[in-house]
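Enquirer: Okay, handing you the structure first.
The values are calculated or read from the model by the stated rules, or taken from the named source; none is laboratory data. Values in this document were obtained by computation on a predicted structure and should not be read as measured data. Here the Cβ positions follow ideal geometry from the backbone for every residue, glycine too, while neighbour counts run over all protein chains shown. For the accessible areas, the whole protein counts, side chains as well, though only heavy atoms, and no ligand, DNA or RNA atoms are used. Shrake-Rupley method; radii C 1.70, N 1.55, O 1.52, S 1.80 Å.
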Amino acid sequence: MAGAGISTPSGIPDFRSPGSGLYDNLQQYDIPYPEAIFEINYFHHNPKPFFALAKELYPGNYKPNYTHYFIRLLHDKGLLHRIYTQNIDGLERLAGIPSTKLVEAHGTFATATCTVCQTSYPGEDLRADILESKVPKCPTCKGVIKPDVVFFGEELPQCFFLYLTDFPLADLLVVMGTSLEVEPFASLAGAVRNSVPRVLINRDLVGPFVYRAPRHNDVLELGDVVSGVERFADKLGWKEELNKLIAVETGKEWFPHCTVVERLNQTKQQVN
Ligand code: CNA
């Protein structure tokens, strides 16, 4: 299970981190309260604030990071049953995780729908308008076209309900970079069997890891998500393999036996 915290290392702000989160930085969007930007009723009243934010978050502006490639490596090893993400940035897809393994529980910018005639459009068709700060309109009926991102007040996509069969089958649940504040997604953390270990990799304790007694086999890796994932990869003996995968995928040079920080420093030295 993943949330906005796995994409902050890619430069995308999350919602709730004090100071840097979007909820603390929404003054420029001229909205009555932070959640309005993702509320469907407010969108019908005024879609402009959402599209201003969409321009910033639009896929193509950001790249996957260590965390996304760790999930990709789980898949390459045949160990990923499914990734349930709340993110709408498309970075899981960009990291090479196939759509069959991906549940984008809060939707995606990859497709869009006219709010009036319900015609579907590829997300790409909206790109030019969004990047030019225009509200995209349906060529047929002139209705506003909305990316298929799930707003508060909208139903989750059908694929979300795969959880009913996925979670009972899991033998490990990894929860990364989420405040577990948004339902029904948050409750999935309780949907694995009691005997299944749950690993939380997050800056702070969240959801059932706080308000219910943690399960005896919960593992808490608190702190920066990249450091936590790096430690996890190290324990699994996958660090070199992961660094190599990232190097191949990003077209960068591979520095074996390095930490992420060391690698960043070496890249900086190379640039200088
Ligand atoms: P959130 O409520 O903002 O929580 C993020 C969590 O991640 C918090 O607990 C943070 O402490 C933690 N966190 C942030 N950065 C790091 C880091 N570097 N290391 C460790 N922990 C970190 O976000 P949720 O995803 O839980 O909330 C659900 C919303 C956010 C969904 O509906 C998303 O659509 C929405 N969202 C998505 C994106 C995106 O697609 N990247 C960006 C912003 C918001």
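Enquirer: Please give the FRET efficiency for residue 100 paired with residue 217, using the beta carbon to beta carbon distance and R0 = 30 Å, rounded to the nearest 0.05. Walk me through the intermediate numbers first.
Expert: Details: r = 29 Å, r/R0 = 0.96.
Once rounded, the FRET efficiency stands at 0.55.
Enquirer: Between residue 169 and residue 61, how many nm apart are label points set 7 Å from Cα along the C-beta direction?
Expert: In this crude label model, residue 169 to residue 61 measures out at 3.7 nm.
Enquirer: Counting helices only, and only those DSSP H runs with n ≥ 4, report the 222 nm mean residue ellipticity of the chain as the sum of -39,500 (n - 2.57) divided by its residues, in deg cm²/dmol to the nearest 500.
Expert: On the way: 10 runs with 86 residues, N = 272.
Counting only the DSSP helices, I get -9000 deg cm²/dmol.
Enquirer: Using Cα pairs under 8 angstrom and six or more residues apart, how large is the relative contact order of the chain, in percent? Mind showing how you got there, number by number?
Expert: On the way: 400 pairs, mean separation 46.3, N = 272.
It comes to 17 percent, rounded to a whole number.
Enquirer: Still on this model: With springs only between Cα atoms under 10 Å apart, run a GNM on the chain and tell me which of 136, 122, 147 wobbles the most.
Expert: 122
Enquirer: In Å, what is the Rg of the alpha-carbon atoms in the chain, and how long is Dmax?
Expert: 19.3, 58
Enquirer: Starting from the amide H of residue 175, placed 1.01 Å from N in the peptide plane, find each other amide H under 5 Å away whose residue is 5 or more places distant or on another chain.
Expert: 199, 200, 201
Enquirer: How far, in nm, would the chain grow between residue 204 and residue 111 when pulled straight, counting 0.36 nm per residue and subtracting the alpha carbon separation?
Expert: Details: separation 93, 0.36 × 93 = 33.48 nm, distance 3.30 nm.
Here the segment from residue 204 to residue 111 would lengthen by 30.2 nm.
Enquirer: Let me ask something additional. Taking the mean number of other Cβ atoms within 10 Å as a proxy for protection, how do you rank 77-89, 232-244 from highest to lowest? If you can, show how the numbers build up before the last one.
Expert: Working: 77-89: 19.3, 232-244: 15.8.
Averaged packing, sorted descending, gives the order 77-89, 232-244.
Enquirer: Given q = 0.11, 0.23 Å⁻¹, what are the Debye log10 I(q)/I(0) values for the stretch 1-97, with equal point scatterers placed on the Cα positions and solvent ignored?
Expert: -0.38, -1.18
Enquirer: Taking all protein chains as present, what is the carbon and sulfur share of the accessible area of the chain, in % to the nearest whole number, probe 1.4 Å? Can you show the working numbers first?
Expert: On the way: 7330 of 13720 Å².
That fraction is 53 percent.
Enquirer: Here is a follow-up. Once phi is turned into ³J(HN,Hα) by the Karplus curve 6.51 cos²θ - 1.76 cosθ + 1.60 with θ = phi - 60°, what whole-Hz value does each residue of the stretch 145-155 show in order, with x for glycine and proline?
Expert: Values per residue, Gly and Pro as x: 9, 10, x, 7, 8, 7, 8, 4, x, 10, 6 Hz.
Enquirer: Assuming R0 = 41 Å, what is the FRET efficiency of residue 76 and residue 134, from their Cβ-Cβ distance, to the nearest 0.05? Don't skip to the answer; put the middle values down first.
Expert: Numbers: r = 40 Å, r/R0 = 0.98.
Between residue 76 and residue 134 the formula returns 0.55.
Enquirer: Residues with beta-carbon under 15 Å from that of residue 32, excluding residue 32: net charge, scoring Lys, Arg +1 and Asp, Glu -1?
Expert: Values: positive: 48; negative: 30, 35, 39.
For residues surrounding residue 32, the net value is -2.
Enquirer: Still on this structure: If R0 is 30 Å, what FRET efficiency do you get for residue 35 and residue 124 from their C-beta distance, rounded to 0.05? It would help to have the intermediate numbers written out before the result.
Expert: Numbers: r = 28 Å, r/R0 = 0.95.
Here the calculated transfer efficiency is 0.60.
Enquirer: Taking the 0 to 90 degree range and rounding to the nearest ten, how far is the long axis of helix 48-57 tilted relative to the main principal axis of the chain, both from C-alpha atoms?
Expert: Compared with the principal axis, the helix lies near 30 degrees.
Enquirer: Count the DSSP beta bridges whose two residues both fall in the chain, then state the antiparallel fraction as a percent rounded to the nearest 5. Spell out each step's value before the answer.
Expert: Details: 8 of 23 bridges.
The answer is about 35 percent antiparallel.
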